[in-house]
Structure formats: C-alpha cells, structure tokens
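A.B. asks: Let me give you the structure first, and then I'll get to my questions.
Bear in mind that the values in this text are calculations on the coordinates, not laboratory data. Remember, it's a predicted structure, so these values are computed and weren't measured experimentally. So basically every Cβ, Gly included, is an ideal-geometry build from the backbone, and we count neighbours across all protein chains shown.
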Amino acid sequence: MIVLYITYVNSDEIFSGSGVRPAKMLNAFKQEGHEVIVLQGEQVSKERLSNIKKIRKQIKRKRPDLCYIESPTYPIMRHADRKLIKDICKAGIPTGYFYRDFYWQFPKEFPRRTSISGKIKDKVLLFLQSLTNKVLKYCNIIYVPSDECKTLLKYHDIRALPPAGENKLDLHIRDNNQTGIYVGGISGHYDGKFLLDVFNELNACDPEYKLILVCRENEWNEFNHSCKNASWLEVHHISGAGLVDLYRRASIAFNVGNPKYEYSQFAISVKIFEYLSYGLPQVVINNKAITNVVNNEKIGIAVEPDIKKFAIAIKKLSEDSSLYKTYQNNIKESLLYRNLWIHRIQQVIRDLTES
C-alpha cells in the first residue's frame, strides 16, 4: 500500500519532543511494509514550501492509497499546506488527520497574552485555527488522543488514536522492590508536590519506599518542597535512552496529572504507554482519559487525589505479590495485543480503507 505521510517536524527533530509520535507512526508504517511518501519540514521554512511542490509532483506520478497527517502543535500556518490537504481529500484519497492538542479550547488554563504584540499573536493563531478547522472538514476521519476528546470537536467522524508503546518487556526480570518512578512535569498541570507528599506519608515510620523522579532541571530548581533532599528521593534530568536503566530499577510507575485543570481530563500522557512498554504497573491520579486506559486495560490502580489513598494503593501493589503478578500479566497482554505503535497504524489503514 502507498501511504502519503504528512508531518510538521524536521528530520533531525523527529525523535525528540513533539516529533516522537510522528516518528513512531512513520516507523510503524514502514515496518508493516508499506511504501511511504513523506512530507516533512517546519511549517514556516522555505524547505517546507519546496517539499510541498515536490510532493504534489510525486503523488501525480504515484497516487497514494491513503493519506495520514500528524498535526503540528499549533494551527496549520501555510495556505499551501491547507490547500494540499484540501486537494488530496477532493481527489478522493482517504485521509486521516491526528489532532494533536486542544490547549486553545481552555483559555482559563492557558491564558491569552496581555501585551499588545501578544494579543496580536493570539488573534492570528485563533484565525489560523479557524482556517485549519475548515479544511479538516474535508478529511475522512479526525483522530484525537482519547475518547474524551471527541466532545471538543465537531466533525462527521472522530475516532480515538492514543499514543502507544514498544516492547521492552524482555529487558529484564522485574522484582517488586518498592521503588517507584515518575517521569514528567512537576508543576502546573502535573502535581509533583502531591507525589512527594505521598512518599513522605509512606516513609513516615519506616523508610523503605524509594522514588525516582525524572523532570526538567529548570523546573526542579524552581520547585519548593520540604522533601527535596529526602533520603528516599532520587532526582534525574534525562530523557530518551537515559531512562532505560531507571525503568529497570523501578517496580511501579506514577502519573500525577493535576485534576483541578479541566484540560487534564482529556489529555493522554505518552508516559502511560512508556510505562506499559517496560512492564510497570501504575498508580495514577483519577483523571477521565487516563483512568479509562488504566482501568480498561487493567494495568494499575486509579485513585482520588488523596495522599493517604494514593499511599495505600502503592502499599497494596508493593505488598501483594499475587496482585502485582496479575497486573504484570495484564500489561503484557495489553501491550503485545492492543497497544504497540503497529496497532495504531493498523487501525488507521483499516479505518481509511473501510470508510
């Protein structure tokens, strides 16, 4: 099958930050043996315009069977990009568009800029968003990160296409060693203070529970908490391959999306599936989108944002070896049968060839 794959990152950025998901999806298409025609490059670069012209010529010579688009974080900036998508759809090429982010729908949580230049930028972004939304009406399917996100958009066919994982289960045999790991933000939409409070509670009597915390260095420097120098806490500022050894040392993983933010009820952290990749049962704060994944896949425990209840859930997983083994088995089944990147592109192909 010939797949036209459109992304908005450069080739040298495709394995970092917002480029991770596009890279994983692209690799999955190739691993399935499909011929992939790739349009990439930053939105406002000259390279992008040149690449669009090349793609137009290429798909005239070799018509794609379908088109899959990984959206940019911001709206589609260029008219040439929007016109290309419209023309592809009008040509009858089945097209799916992954809608990455919805921050603009939550102005209270992502405040608009107050300076004159800032206000102008925000107005321009909202205008470009409206143009983007119009052209997406031509697409066959709009994909979103979670089922909960479907309520935020109005298109004729909206389907969930969450992140996925990779099979890292054979890296080691995991022992339940009462060591937890958290990778991600610790302020704003993520409640790092809550997690440290939980471990302070766990270790109040007999220090034995360890926490490996991985976050950005500048965020940690600005973070205030009485347990920053606790003996049970180990802090790292790394990413990518550097995380492998840390995941190997942990037996439980955490997600602490701050439930006071409405946005958190819709967002699906890629870390949920990265934890899954390494066979880690999870304890998470009860947020709609993430809770549904954890509960439906039976890969961990979702609890209310209560320090004692969260601590009890960690103890339960750590002390009940039978329960822990059950979650490990569930994780293996969930990952290998439903939640690899290959499963996501199989869904896209199935959806677009049947639509």
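A.B. asks: With both partners inside the chain, how many of the DSSP beta bridges are antiparallel, as a percent to the nearest 5?
C.D. replies: 5 percent
A.B. asks: Simple spin-label model, 7 Å along Cα-to-Cβ: Phe110 to Val44 in nm?
C.D. replies: Taking the simple label geometry, Phe110 and Val44 are separated by 1.7 nm.
A.B. asks: Still on this structure: Over the chain, what is the relative contact order in percent, taking alpha-carbon pairs closer than 8 angstrom and at least six residues apart?
C.D. replies: In percent, rounded to a whole number, it is 16.
A.B. asks: Also: Could you work out [θ]222 nm for the chain from helices alone, using -39500 (n - 2.57) per DSSP H run of at least four and dividing by all its residues? Round to the nearest 500 deg cm²/dmol.
C.D. replies: -13000 deg cm²/dmol
A.B. asks: With angles folded into 0 to 90 degrees, how steeply does helix 341-354 sit against the dominant principal axis of the chain? Use alpha carbons for both and round to 10.
C.D. replies: Here the helix axis deviates by roughly 40 degrees.
A.B. asks: Still on this structure: Hey, which aspartates and glutamates would be in cross-link range of Lys53, C-alpha to C-alpha under 14 Å, not counting anything within fewer than 8 residues on its own chain?
C.D. replies: Filter leaves Asp81, Asp87.
A.B. asks: Picking from Gly185, Val20, Ser321, whose Cα lies most toward the positive end of the charge dipole for the chain (charges on Cβ: Lys, Arg +1; Asp, Glu -1)?
C.D. replies: Of Gly185, Val20, Ser321, it is Val20.
A.B. asks: Amide H to amide H under 5 Å from Leu340: which residues, 5+ apart in sequence or cross-chain, H placed 1.01 Å off N in plane?
C.D. replies: Counting only residues 5 or more places away or on other chains, the set is Gly165.
A.B. asks: When the dipole is taken about the Cα centre of the chain, and only Lys, Arg (+1) and Asp, Glu (-1) are charged at their Cβ, what size is it in debye, to the nearest 20?
C.D. replies: 2020 debye
A.B. asks: Against the longest alpha carbon principal axis of the chain, how many degrees, from 0 to 90 and to the nearest 10, is the axis of helix 20-31 turned?
C.D. replies: In the chain, helix 20-31 runs at an angle near 70 degrees to the longest axis.
A.B. asks: With axes computed from alpha carbons, what is the tilt in degrees of helix 79-90 against the longest principal axis of the chain, rounded to the nearest 10 within 0 to 90?
C.D. replies: Tilt of helix 79-90: around 80 degrees.
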